Amino acid sequence: MVLKRYAPEHIRNVAVVGHGGTGKTSLVEALLFQAGAIDRQGRVEDGTTTTDFDPEEIRRKHTINASLAPVEWDGTKVNLLDTPGYPDFIGEVVGALRVCEGVLVVVDGRAGVEVQTEQAWARADEHDLPRLVVISRLDRENADFDQAVETLRTRFGSRIVPVYLPVGTEAGFAGVINLFTMTAHILKDGKETVEEVPGALRQAAHDAREELIEAAAESDDSLVEKYLESGSLTDDDLRGGLIAGVRAGKIIPVLPASGTKRIGVNQVLAAMVELLPSAAGRGAARGTHPRNDAEVLVEPGDRGPFAALVFKTMADPYVGRLSYFRVYGGAFASDSQVYNASRDKSERIGQLFILRGKHQEAAPQVGPGDIGAVAKLADTGTGDTLCTKDAPVKLSPIAFPQPAISMAIEPKSKADEDKMGNALHRLAEEDPTFTVRRDPELKQTVVSGMGESHLEIMADRLRRKFGVDVVLAPPRVPYRETVRGKAQAQGRHVKQSGGRGQYGVCSLEVEPTPRGAGFEFVDKIYGGAIPNQYIPSVEKGVRKALEEGILAGYPLVDLRVTLFDGKYHDVDSSDIAFQLAGALGLKEATTKAGLVLLEPILDIAVHVPEEQMGDIIGDLNSKRARISGMEAQGDGSTIVRAQVPQGEVLRYASGLRSLTGGRGTFTATFSHYEPVPAHVGDRLVAEARRQKEEAESQRA
Ligand SMILES: Nc1nc2c(ncn2[C@@H]2O[C@H](COP(=O)(O)OP(=O)(O)OP(=O)(O)O)[C@@H](O)[C@H]2O)c(=O)[nH]1
Ligand SMILES: [Mg+2]
């Protein structure tokens, strides 16, 4: 692979997005082959495609990582970014869309618009990105171009306009009709021949061309006039109107294709080059000055100062980190010094690379508008801006989605435990939608991500990249204990047989305080029933017992403990004796007062299509939720708000996905603690006892 350097006007950065399994990777492979970038067309089935090169991708036969595939066509470099369709990896789509000027949405010829088509579409809308739609896999049984176009129109409106039509259907799909030139391009033995439009398709092609002309005319007032006067448009006006319409987001051209059979693929290449904006075509990139937040514009040319955005980081145990970047202005040179404006750090740059899948080619420079990679940056992460110290700029960051699901992760062996922390840290650097934290109370390491598959893949990656074996389990719920009423009891720790004895006696009263008040210790010893020096000892013993819990091993909260009496011995009393007395006294008093478990309650907001609202509410009710409101969003969706016990929604991300076919999303935040209902409490207490016995029998 030897790629020339291109001016930004001759670069197209294009994210290939869509629902899982619609043929994105196969189409990218066909585009690469057709443009002569590779000399063998790989297959997803064989694990030989350029962009699904990761062992996990090869094994699972779907894309997990966004990867880069540059092609050269018609004097232009097109940087294709193949992205995953599976919703757990939406972070990769978000990162890719952030650095592109155009989008290729791939839709399956049989299924039409699917859930992840809509999600990717909405993400592209966030950046107002011009896009093309490719209806792929049209050679399959029951594939139907017209019907797929209809699903697009139903969902996204009349901006959807075919620019090519298919010739033949299913296994007979043989080529495409160009609606500009009104010629048929038929693939025969791997070669494209140009023919007349077959008679049976002439009328359909004529009608589709009319529609295209109308759409092009409507994109520009001066064209509308011409069109109304003459009833048509010249070829130049048609082309000009179409380009303007696409770049303004008023027209979304649709092309028929088969990636694996390489039908309609030349046409996709030409459409990207001709219709989508260039790397300079959307003007200056916006950023801010890192110190005073003033707006800074980065012009897409060679002359201005250098600025690049890191949009993806790959952790590699051998090579170290590999950072993918997009240059916005100026040129990025190998063996240079740059400034990371996001972290106020200098970075030494070694060798820069141009990537194609896993192939890396050393590049002395990466110019404005282009995409490349660099290894071993010391302080730079995804979303950071690299620039020069004298022209510092922070480009707007990448809005990655928040993780939706958490699991506890445990090392399988001691050796794994030693390596796990560092390895997890490296993975979190690589993937902004994956976070790790140690929960000191639950004594668990908790990982969060976009879905169960995401976390499973992270566990696989730990094994493969770092040799760390782990198990994933639902995280523990941070229950609490508290007292129901008021009670008094005495704690006695007295041992006086031979030698120096132990002597500590204390009388305690416990009573509940308002929810959220925590713990309060009151000293009401008068007349030296316990000497001053031992009162902190009693408190220490009480606190220790509180932390360990009494009913089911969860910390006690929201109670007042009053020390009101006690006894001591001149010789045998000690700090430790009073600590033990305090702990015993607390146990006795709280047991007498009656103990109850508290559970964390979450505020949850579930965003779903209106027609699924009933199912969502039914499901939440079965999870002991209290629905607090429903808000129609005007776009046919609704937000259902509720309070729900945390223990009931540990796997809500997966549950919601299967309930809504992937359309639903939710956020959850901690609200408060509440007593658990008796039947739930009994189960938790029994469970805690069982675990304690197990632990004790293991120790014995
Ligand atoms: N018949 C036929 N099969 C295709 C075509 N394109 C892709 N396939 C098959 O469809 C399956 C999915 O193709 P991929 O290219 O992996 O689809 P993808 O959109 O990249 O999938 P994800 O990365 O998982 O989102 C594979 O088995 C391909 O061989 C096509 O044009 N015709
Ligand atoms: Mg793929």
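The values are calculated or read from the model by the stated rules, or taken from the named source; none is laboratory data. Quantities reported herein were computed from a predicted structural model and do not represent experimental measurements. Quick reminder, even Gly has a Cβ in these numbers, built from the backbone with ideal geometry, and neighbours come from all protein chains shown.
Side notes on the structure shown:
- Scanning segment 380-393 for residues being assigned to a loop (DSSP other than H, G, I, E, B) and over 12 Å from Leu322 (Cα atoms) gives a total of 6.
- Within segment 405-428, considering residues that are closer than 13 Å to Gly449 by Cα and in contact with a Lys or Arg (Cβ under 8 Å, 6 or more places away or on another chain), the one surrounded by the most Cβ atoms within 10 Å (Cβ to Cβ): Ile405
Conditions (1) surrounded by 19 or more Cβ atoms within 10 Å (Cβ to Cβ); (2) within 27 Å of Gly249 (Cα to Cα), marked per residue:
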residue	(1), (2)
Val149	yes, yes
Pro166	yes, yes
Val176	yes, yes
Thr181	no, yes
Ala184	yes, no
Asp189	no, no
Thr193	no, no
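So that you can scan it fast, the table gives a plain yes or no per residue for (1) surrounded by fewer than 24 Cβ atoms within 10 Å (Cβ to Cβ); (2) within 30 Å of Ala204 (Cα to Cα); (3) near ligand 1 (Cβ under 10 Å from one of its atoms):
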| position | (1), (2), (3) |
| --- | --- |
| Val78 | no, no, no |
| Leu81 | no, no, no |
| Val94 | yes, no, no |
| Val103 | no, yes, no |
| Val106 | no, yes, yes |
| Glu114 | yes, yes, no |
| Leu138 | no, yes, yes |
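- The lone criterion from (1) away from ligand 2 (no atom under 16 Å from the Cβ); (2) farther than 21 Å from Gly249 by Cβ left unmet by Asp82 is number (1).
- Unique residue being under 44 Å from the mean Cα position of the chain (by Cα) and crowded, with 17+ Cβ neighbours inside 10 Å when the list is Ala517, Ala545: Ala545
- Residues of segment 1-24 satisfying the condition of being within 14 Å of ligand 2 (Cβ to nearest atom) and either without any contact (Cβ under 8 Å) to a residue 60 or more places away in the chain or touching a Cys at 6+ places or on another chain (Cβ under 7 Å) (or both): Ala15
- Taking the criterion of being closer than 19 Å to Ile11 by Cα and either of a type in the set (S, T, N, Q) or out of contact with any strand residue (DSSP E or B) (no Cβ under 6 Å at 6 or more places or on another chain) (or both), the residues of segment 39-72 that qualify are Ser67, Glu72.
- Among the residues here, Pro70 qualifies as touching a residue at least 40 places away in the same chain (Cβ under 8 Å) and more than 12 Å from ligand 2 (Cβ to nearest atom).
- Selection of segment 390-419 for residues being charged (D, E, K, R) and modelled with pLDDT under 95 yields Asp390, Glu410, Lys412, Lys414, Asp416, Glu417, Asp418, Lys419.
- Residues being within 20 Å of Val149 (Cβ to Cβ) and touching a residue at least 24 places away in the same chain (Cβ under 8 Å) - total across segment 120-138: 12
- The test for being over 23 Å from Pro368 (Cα atoms), within 12 Å of ligand 1 (Cβ to nearest atom), assigned to a strand (DSSP E or B) and not aromatic (Phe, Trp, Tyr) does not hold for Ile90.
- Residues in segment 529-545 include none that are in a loop (DSSP other than H, G, I, E, B), in contact with a Leu (Cβ under 9 Å, 6 or more places away or on another chain) and closer than 18 Å to Ala593 by Cβ.
- Residues of segment 25-43 that are β-branched (Val, Ile, Thr) and near ligand 2 (Cβ under 10 Å from one of its atoms): Thr25, Val28.
- Unmet criterion (only one of (1) at pLDDT below 95; (2) in a strand (DSSP E or B)) for Gly491: (1)
- Scanning segment 233-288 for residues that are crowded, with 19+ Cβ neighbours inside 10 Å, assigned to a strand (DSSP E or B) and either without any contact (Cβ under 8 Å) to a residue 40 or more places away in the chain or more than 16 Å from ligand 2 (Cβ to nearest atom) (or both) turns up Ile252, Pro253, Val254, Leu255, Pro256, Ile263, Ala285, Gly287.
- Residues that are over 26 Å from Asp431 (Cβ atoms) and within 13 Å of ligand 1 (Cβ to nearest atom) do occur in segment 45-53, at least one of them.
- Some residue of segment 268-280 being more than 17 Å from Val99 (Cβ to Cβ), touching a strand residue (DSSP E or B) at 6+ places or on another chain (Cβ under 9 Å) and within 16 Å of ligand 1 (Cβ to nearest atom): yes
- Residue match in segment 678-693 (condition: in contact with a helix residue (DSSP H, G or I) (Cβ under 9 Å, 6 or more places away or on another chain) and not small (Gly, Ala, Ser)): yes
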